[in-house]
Amino acid sequence: MVKPAFSHVTQWVFDLDNTLYPPHMRLFDQIEVLMTDYVVQAIGVDRAEADRLRSHYWRAYGTTLAGLMAEHDLDPDPYLHAVHQVDLSHMDPDAELADHIRSLPGRRIVYTNGSAPYAERVLAARGLSGLFDAIYGVEHAGYRPKPEQAAFEAIFAQDGIDAKQAAMFEDDPRNLAAPHAMGMRTVHVAPEPHRADHIHHHTDDLTSFLARLR
């Protein structure tokens, strides 16, 4: 019964981290270390406090960057470059996932709270380059992060997305509330389901879920 729920969808929006690659690849572990390093250097606190602030800002503002900008007037571009210098050598291409994405009818984009250059590197490592019509990072939303609805609205306006004809795939349940409110079909991609009215579908395997839409 999944396929009929997407019969109206002609625009497909994918988050990046822990969505277009599985969580066991643990890229975000590297990013968190780099974010904590940056907080130590940028605002002059010890590592324990930097780690606490990193987590606090993520919960309170949606991203660590948003908290640093709001509370410390941080310049976002050097931060985005520094925290995304991660090792991708352990990542494997996924030809089956690539085939299912390629088969989706209509427009396909990536929208991440990371940066677009980082997203491009990850997509290349996963064998997903060239499958998406556009790649958007937090910089394209004026550094406003998901889950803010204004961030989604900024990206969708740039891309010309009609939310009522679109679907959103995302690992963070917070980031599906605004797409739901805008009229999108929502898919939570995570090892465990999260029960909420704004989540229409859950999968722990994006590849197998997309196979059911063919």
Computed over the chain, protein heavy atoms only, probe 1.4 angstrom, the accessible area per residue in square angstrom equals 45
With T = 4 °C, eta = 1.567 mPa s and Kirkwood Rh from C-alpha pairs, the Stokes-Einstein D of the range 135-214 in µm²/s is about 99
With Cα springs under 10 Å, the Gaussian network model of the chain assigns the largest mean-square fluctuation among Leu16, Leu176, Leu74 to Leu74
Share of Cα-Cα pairs in the range 67-185 beyond 20 Å, whole percent, is 48
Taking r as the C-beta separation of Met1 and Asp205 and R0 as 25 Å, the FRET efficiency to the nearest 0.05 is 0.90
Carbon/sulfur accessible area of the range 74-186, % of total, 1.4 Å probe, equals 49
quick shape note, the chain: Cα extents on principal axes in Å, largest first -> 53, 36, 31
Per GNM of the chain with C-alpha springs under 10 angstrom, the most fluctuating residue out of Glu71, Glu96, Glu170 is Glu71
Rounded to one decimal in nm, the spacing of the 7 Å Cα→Cβ label points at Asp197 and Leu88 is 4.0
In this structure, the FRET efficiency calculated for Asp46 and Asp73 from their beta-carbon separation, with R0 = 22 Å, to the nearest 0.05, is 0.55
Full extension between Ala150 and Phe28 adds, at 0.36 nm per residue less the Cα distance, a length in nm of 41.4 nm
Cα extents of the range 38-88 along the principal axes, largest first, in whole Å, come to 28, 20, 18
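The values are calculated or read from the model by the stated rules, or taken from the named source; none is laboratory data. Keep in mind that this is a model prediction, so the values were computed, not measured. Methodologically, a virtual Cβ is constructed for each residue, glycine included, from the backbone with ideal geometry; neighbour enumeration extends over all protein chains shown. These accessible areas exclude ligands, DNA and RNA; they are computed on the full protein's heavy atoms, side chains included. Shrake-Rupley method; radii C 1.70, N 1.55, O 1.52, S 1.80 Å.
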